[in-house]
Each structure stands twice: as C-alpha cells, then as structure tokens.
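K.L.:
One structure, pasted below without further comment.
The values are calculated or read from the model by the stated rules, or taken from the named source; none is laboratory data. Fair warning: this is a prediction, and the values are worked out from it, not measured in the lab. Virtual Cβ from ideal backbone geometry, glycine too; neighbours counted across all protein chains shown. For accessibility, only protein heavy atoms count, side chains too; no ligands or nucleic acids. Shrake-Rupley method; radii C 1.70, N 1.55, O 1.52, S 1.80 Å.
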Amino acid sequence: MEVAVYSMKSLTIKNIESIMEGIASEHPQINTVLKGNVWDVDLTKDVTGVYLIYEVTNIAPNGFNGIDYSLDVFLCDNVTEINTATNEVSVQNECSLIALDMMSIFENYNKSSWADKDLNLVLNKTWSVQPFTERFDSLYSGAAVNVSLSTSYGYARCQVPTAAPINLEAPIVSGITERGETLACTEGVWQGIGVITYTYQWRRNFANIEGATDTTYTLAYQDDNAFISCNVTASDSSGTTTKLSNVVGAVLAAPYSLFAPIVSGTFRVGSTITSTEGVWQGIPTIIFAYQWRRFGINIDGETTNEYTLVIADYNTAIDCVITATNSLGVSSADSNDAIIQGTIPIISGLPFITGVVSIGRVLTATAASASGFPTPTRAFQWQISNDGVSGWANIEGETEQTYLITLSDEFKYIRVSQIETNVEGTDTASSLSTTEIGEYVLVWGALSVEAWGDTTVDNWG
C-alpha cells in the first residue's frame, strides 16, 4: 500500500494545484499564485492585485486506503495602495468573496477527474474564511481560508497509479541580495520512491534565468532591483515534482553603466558642447559628477554638463568623464572623443579704397577687421568693371595692397576684394566701387597739365 499512498498524495496535490490555477484564471484581479508558507514569501510591495498563496499544512492517513489533507490558503492585497481608513475593510471584503468562490469551486470540482484516478474527494464541512492582516508590517490584508479534504482510493481497476516525489519542506534561498554576491538554494525536504535527484532553475521576477541551473547563483547587473527565487525539481523513478523557493530581493547594486555618456554640439573653438549622464543601473539612488578632459587630462574647474571650447582645445580630443555614486559604490564612464576644429574666417564690414581716381595715380586698400582660428592669412584682389555695378573681373597680377591706375582703366571703375583664409575655410568681402576713372589732358600753350575728372577717393565704404 505504500505505493498507493504516495500516488494518492501526488494525485490529490496535483488536483489542488489545478484548482488554484483555475481560481486565478477566473479572477483577473489575482496577480500571482504561489505555493509555500505565506510568511516565507517576500511579497512585492509595489505590485498591485491580489496574491493567492497556499500550502498543504498536514497530510495524515485516514484508515487503510485514505488520506486527510489540511490546507491553509491566504488571499492578500496591498492595503497601502489607497491610504484610507476604509481600504483594509474593502480589501478583506473583496478577498472574502474570492475565498467563498474558491470554496464553491472545491465543492463542485469535476469529480470525474478524480474518478479517473480511482480517487474520491470529499470536502469536509469544516472550512472557514477569516479576515487576515499581515502580522509583521500590516501592509497586507485579506482572507485566510482553512480547508479540510479527505481522499480515498478505490481498487476497482486493480492497478497501482504512478507516484512522484512529495515536497515536505520548501527549498530555501539565502545570501546577500546585492549585485556580485552569490545566493544558494537548498533542495528542501522531499518524500519519494527510491533515489530522488534534483535540478535547479533560478528565476528573476518569476521568469527563468537562462543557464542558471546550479545550486548557487551570482547576481548580475540584470538582477538589479529584481526579485530572485529558485525552482527545485525532484525526480524519482515514477515522476517529477517542482517546488518554488522563497523569494528574495529587491537586489541592490552599485552603479553600472549600460550606455556611455554622449558629448554633442559644434566641435569648434568658441562653441559650447554638452554631455549626457549616460544610462546607468543600480539602487539606491545614484548621483552624478562631471569632469571635462583634454587628451585625457582633467581641465581645471570644468565640472558641469557644459563646456565652452577655447583656443587651447584646437586640434585636441575633448571628452567628459561621468562618475556615478550611490551608497554601495562608485563607477565611472567616459564619453566619445570630440576632435576640436578651428573657426572659419569672418570679415566684419567691407574694405575701403583711398587715393585720387585718375590715370597714373595710386589707390590704396584698407582691410576690414577679420576673425578666425588659426589666424587667417590676408590677400587682396583688384577688380575692374565697365559700369561699376556688374561684370567685375579680376585684374591679372594685381594682388597687392596698392594699385596704379593705367591708361587702360580710362572710363572704367575699380574696386578691391579682401580675402581671409585658414585651414577651416575662406571669407571674402569687396569694397564699394570708385567713381569713373578720369584722364589728364596736356595744354601745350600753357606748358601745363589740366586734370579732367581728377577725383580724390577717401574712405570708400
């Protein structure tokens, strides 16, 4: 009969699990279904919805071919989500209604699913629903349900059902819940036939962690702020059973850089560039500090998220180091390098011409002020036009600051262009036009020269 008793335990508990899952699926307000002692479960304080937690607290023989079961079921909800005096009562009332519905499901559970296994289920009329408040911090309220069940085994089919290990004590996860620390999980206490073997699956927020199948697990940055547990699966010659451990967390951690800071802006002398913090992970709260660097060397006093580029930064690599700090540690990450360029020349105003506008006279160009880094080089180009408005053409070879008016310039107009150039670019500005070029006429009788159209140009532009 030992095999039959094991079978009865396994099949009954599997049916109980099926009932609990059915309750959860029919009540969308139930957030999580857990197996295990409610006091061993670290309930997530910031998750809404009702938790259904149950445990088979007692399994005792009932004569030769029967077993009695006692269940403790807790329906818990966060009473601090709405901070009112009536919230706890409202939560208890809601959970009590769910508990009553659960008892109805037990009473009307499809008996054929038990009969197929030659098992008979009897719900004893001793169950109760009582208001429940978490005894430690009073953050949770709800209903506690005590259920008494009896099963009996029929021999009509004259066969021995298969068995699977029965968990008597849940696995326990222990260790420091900080990134880099190692947690350990016990196998728990089990009953089964012959040799029982165990496998482990660590979980993060109730989802399996790929590859984490040892008895220990070292917390990684992906676990920051998460809750960790472990599923232990026990297997013997007749089947397997899985039991979830207690839940630990949330996992604390020193700052960890997920994405490096980014420096952006116009990378030219005189411009202001900025740096982001980057993306970091870790709790408790992280604070950030900035340090700008030139070729990897700190720039004194530059410790904000902005930096205005100076002449010393020309043709250097500028970056920003972000230092993240919380109570568990310090970490740094540096940004991309910004290669700093100079500035394109800019001429302020127009150059102008001084001198007498007549054949044989010399005109002089005076440059307008110009800026740019590196310091631009200056050149002039004298130009000629038939009407002083359009059709300006360079006078070949005339690139000095002065220009001698020749006979070929008669009745035409002159101007000068100022050209400023550095490695970053070029800027050009042209003066205003002179008046029409005049001529000298010789008066032989008076042995003198009369100047026709002799005009002095001064400060044109």
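K.L.:
So, taking all protein chains as they sit and a 1.4 Å probe, how much accessible area belongs to Trp392, in Å² rounded to tens?
P.N.:
Roll a 1.4 Å probe over it and Trp392 shows about 50 Å².
K.L.:
A further question follows. What do you reckon, how do Glu400, Glu210 stack up by accessible area (1.4 Å probe), largest on top?
P.N.:
Ranked from most to least accessible, the order is Glu210, Glu400.
K.L.:
From the protein chains alone at 1.4 Å, what is the descending order of accessible area for Thr240, Thr406, largest first?
P.N.:
Greatest to least solvent exposure: Thr240, Thr406.
K.L.:
Which sequence of Ile359, Ile19 reflects their accessible areas, 1.4 Å probe, from the largest down?
P.N.:
Ile359, Ile19
K.L.:
Ignoring everything but the protein chains, give the 1.4 Å probe accessible area of Asp224 in square angstrom, nearest 10.
P.N.:
20
K.L.:
Taking a probe of 1.4 angstrom, what is the accessible area of Tyr217 in Å², to the nearest 10?
P.N.:
30
K.L.:
Another question, if that's okay. Which one, Gly249, Thr304, Thr276, is farthest towards the positive end of the dipole of region 239-306 when Lys and Arg carry +1 and Asp and Glu -1 on their Cβ?
P.N.:
Comparing the listed Cα positions along the dipole, Gly249 ranks first.
K.L.:
Enter the accessible area per residue of region 179-334 (Å², integer; probe 1.4 Å; all protein chains in place).
P.N.:
For region 179-334, the per-residue accessible area is 48 Å².
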